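S.K.: Let me begin by handing over the structure; questions about it come next.
The values are calculated or read from the model by the stated rules, or taken from the named source; none is laboratory data. Because the structure is predicted, anything quoted here is derived from the model rather than measured. Using ideal geometry, Cβ is built from the backbone for each residue, glycine included, and neighbour counts are taken over all protein chains shown. Calculation scope for accessible area: heavy atoms of the full protein, side chains included, ligands and nucleic acids excluded. Shrake-Rupley method; radii C 1.70, N 1.55, O 1.52, S 1.80 Å.
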Amino acid sequence: MPRHPKSPNRQKKPINPKKRAIQTARKRQSRGRIYLAIIVIAVIAIGVGWYVYSTSQSSSGTPDFAIAAPTGVTIHAGSPVSSRVNITAMNNFGGTVQLSATGSSGLTAAISPTNVTGSGVATLTMSALKNGSYTVTVTGNSGILKHSVSPAVETPIYATLDTTNGTIVVELYRAQTPRTVSNFVDLANQHFYDNLVWHRLSRSPPVIQTGDPYTRYGNTSRSTWGTGGSSQTIPLELDKSLHNSLGYLGMARGPTLDSASSQFYINMANNNDLDYTNGGYTVFGRVLTGMSAANAIWNTPTDAPAYPEQPLNPVYLISVTISPS
């Protein structure tokens with residue numbers, strides 16, 4: 001039998017509204033995943049591109065060199081002193097750097113070797129016949145490239161500490177610690193240190209410490225000893241050439257790095273851990289003569305157990321006298 005043609009008026013079965021909503025949601029989720037994937041790919045592409053760009057920039061930068069020397073050098077009149085100068089190649093620099101050294105009036109300076117290829121080390125040697133403040137300029141040339149450094153070069157300042165137990169003579173390193181030495185000299189010239197007690201005679205670490213105005217004449221409350229200072233605070237000044245070794249002077253301070261003012265100590269042993277403990281302590285001088293007086297102070301009986309680091313009978317820093325440099 002022949003099949004009956006489909007009626008042109010026959011209607012399709014309507015789609016369930018719930019099923020339509022599910023299909024729509026699935027389409028939206030699919031599009032969301034596609035958009036997210038595109039965004040992730042774009043972010044990765046941008047990151048990789050930036051890495052390649054920054055790497056190529058750093059590796060293809062202009063070849064150059066850097067020159068470095070200590071910011072300050074202490075020199076003694078009549079005695080040559082040597083210092084290290086570092087030349088560092090950057091961005092594949094391989095040229096030869098021609099070095100020269102020029103001292104200010106009264107300072108003789110020479111550098112060796114005078115030619116360094118790529119990175120290297122040179123020795124700067126200086127001498128002066130008289131005490132004073134100088135500068136030296138070390139210059140490096142390589143083609144159109146030119147760099148220089150100008151360390152301060154100074155002879156020490158000398159101070160005489162008159163104490164109950166004798167005289168201590170120290171040298172102060174103003175080249176490496178200019179703010180600290182200037183502050184110490186100013187306080188000494190103002191007689192700030194007159195008649196102060198060596199209030200801390202410590203065994204751990206081994207130091208003797210003074211400079212607290214609350215200890216003047218020793219007739220104040222012991223509970224305040226070690227808590228005072230001058231009105232002016234000074235920044236921490238660390239120098240790689242100066243360490244808390246036996247006989248060296250350091251600045252006491254509070255928890256804040258830049259809180260030193262007037263209190264200072266003398267190391268009675270090698271306390272090199274103080275170079276790093278709590279951020280380090282400024283070392284600004286060294287005992288030249290009088291360690292026997294310092295030892296006598298350190299061995300004074302203390303007021304144990306009430307104040308185990310304080311002297312039972314006060315021992316004094318009578319005065320500090322600055323000698324002309």
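S.K.: Counting other Cβ atoms within 10 Å, which chymotrypsin sites (Phe, Trp or Tyr not before Pro) in region 205-297 have at most 14 and lie in a DSSP loop?
M.R.: Numbers: sites: Y214, Y217, W225, Y248, F264, Y265, Y276, Y281, F284; in loops: W225, Y276, Y281.
For chymotrypsin sites (Phe, Trp or Tyr not before Pro) across region 205-297 that sit outside H, G, I, E and B with at most 14 neighbouring Cβ atoms in 10 Å, the list reads Y276.
S.K.: Continuing with this model, one more query. What nm distance separates the two modelled labels at S104 and S202, each placed 7 Å from Cα along Cα→Cβ?
M.R.: 3.6 nm
S.K.: Considering region 72-137, what Rg and Dmax in Å follow from its alpha-carbon atoms?
M.R.: 13.6, 44
S.K.: If you plug each phi of region 156-172 into the Karplus form 6.51 cos²θ - 1.76 cosθ + 1.60 with θ = phi - 60°, what whole-Hz ³J(HN,Hα) values come out, in order, with x for Gly and Pro?
M.R.: Coupling constants for region 156-172: x, 9, 10, 9, 10, 9, 8, 10, 4, 9, x, 9, 10, 9, 10, 10, 10 Hz.
S.K.: Using the heavy atoms of the protein chains alone and a 1.4 angstrom probe, what is the accessible area of region 276-325 per residue in square angstrom?
M.R.: Result: 50 Å² of accessible area for each residue.
S.K.: Next question, about the same structure. When the accessible area of region 97-243 is computed with all protein chains present and a 1.4 Å probe, what percentage of it is carbon and sulfur?
M.R.: Answer for region 97-243 is 49 percent, counting heavy atoms of protein chains only.
S.K.: Also: Need the full-extension length gain, V169 to T71, defined as separation in residues times 0.36 nm minus the C-alpha distance. One decimal, nm.
M.R.: In short, 32.7 nm is gained.
S.K.: Separate question: Given 0.36 nm per residue, what is the gain on full extension from T96 to T256 after removing their alpha carbon distance, in nm? Display every interim value, and only then the final one.
M.R.: Numbers: separation 160, 0.36 × 160 = 57.60 nm, distance 4.50 nm.
Extra length available between T96 and T256 comes to 53.1 nm.
S.K.: State the percent of C-alpha pairs, over all pairs in region 133-175, separated by a distance greater than 14 angstrom. Mind dumping the intermediate values first?
M.R.: Details: 585 of 903 pairs.
Of the Cα pairs, 65 percent sit more than 14 Å apart.
S.K.: If only Cα atoms are counted, what is the Rg of region 103-189, and what is its Dmax, in Å?
M.R.: Computed over the Cα atoms of region 103-189, radius of gyration and Dmax are 18.0, 63 Å.
S.K.: Could you check the spin-label model distance between T88 and K146? Points 7 Å from the Cα along Cα→Cβ, value in nm.
M.R.: The answer from the label model is 2.4 nm.
S.K.: Hey, what's the Cα Rg ratio for region 269-325 versus the globular rule of thumb, 2.2 N^0.38 Å?
M.R.: It is 1.45.
S.K.: In Å², what does the accessible area per residue of region 59-216 work out to with a 1.4 Å probe?
M.R.: 43 Å²
S.K.: Any idea what Rg and Dmax come out to for region 204-305 if you just take the C-alpha atoms, in Å?
M.R.: 13.8, 40
S.K.: Further question: Roughly how many Å is it from the Cα centre of region 58-91 to that of region 202-245, as a whole number?
M.R.: For region 58-91 versus region 202-245, the Cα centre distance is 35 Å.
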